[in-house]
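Note sheet for the following structure.
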C-alpha cells in the first residue's frame, strides 16, 4: 500500500498538469478542472500524448490508452492520475 503522505494531492496534480500544458497553451486560456483539454484549451492529439507521457514520467505511472480516450477535461485527468498514483 502506498504511503499516503507521498501520494500527490489533487491540487498538486492539477498544478503539474497546468505546468505541463504551458507550451501547448500559447493563447493563455484559463485552465480549470472543467476545461476541456481539446475543446477549450485547443490542445491537439500529439500534444495530449506529450502531456500524458510527461505525467507518466513524473509520477512513474502508466495511463492506459483506453483511459486516455475517455479523458476529456483537466479534472478527469487529475482524477485519473490520482487513481493511478493510489494503486
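Read-outs throughout are calculated quantities, based only on the coordinates presented, and are distinct from any laboratory measurement. Remember, it's a predicted structure, so these values are computed and weren't measured experimentally. Positions of Cβ are backbone-derived with ideal geometry, glycine not excepted, and every protein chain shown enters the neighbour counts.
Neighbour counts of other Cβ atoms within 10 Å put 7, 65 in the fewest-to-most order 65, 7. Estimated from the Cβ-Cβ distance and a Förster radius of 22 angstrom, the FRET efficiency linking residue 40 and residue 9 is about 0.40. Put the Cα centre of segment 6-32 next to the Cα centre of segment 38-87 and the gap is 11 Å. Applying 1/(1 + (r/R0)^6) with R0 = 30 Å to the Cβ-Cβ distance of residue 83 and residue 30 gives a FRET efficiency near 0.75. With no solvent and one equal point scatterer per Cα, compute the Debye intensity ratio I(q)/I(0) for the chain at 0.13 Å⁻¹ and report its log10, rounded to two decimals. Values, matching the q order: -0.37. By the beta-carbon count within 10 Å of each Cβ, the least crowded to most crowded order of 82, 33, fewest first, is 33, 82.
Among 72, 27, sorting on how many other beta-carbon atoms sit within 10 Å of each Cβ, with the fewest leading, yields 27, 72.
Quick check on segment 37-87: take the gyration tensor over C-alpha atoms, sort the square-rooted eigenvalues as a ≥ b ≥ c, and tell me if it's rounded (a/c under 1.5), prolate or oblate. Because a/c hits 1.5 or more and a/b exceeds b/c, segment 37-87 counts as prolate. With each label modelled as a point 7 angstrom along the Cα→C-beta vector, the residue 65-residue 49 pair spans 1.0 nm.
If you fit an axis through the alpha-carbon atoms of helix 45-59 and take the longest principal axis of the Cα set of the chain, what angle between them do you get, 0 to 90°, nearest 10? Helix 45-59 sits roughly 30 degrees off the main axis of the chain.
Relative to the longest principal axis of the Cα atoms of the chain, helix 74-86 runs at roughly 20 degrees.
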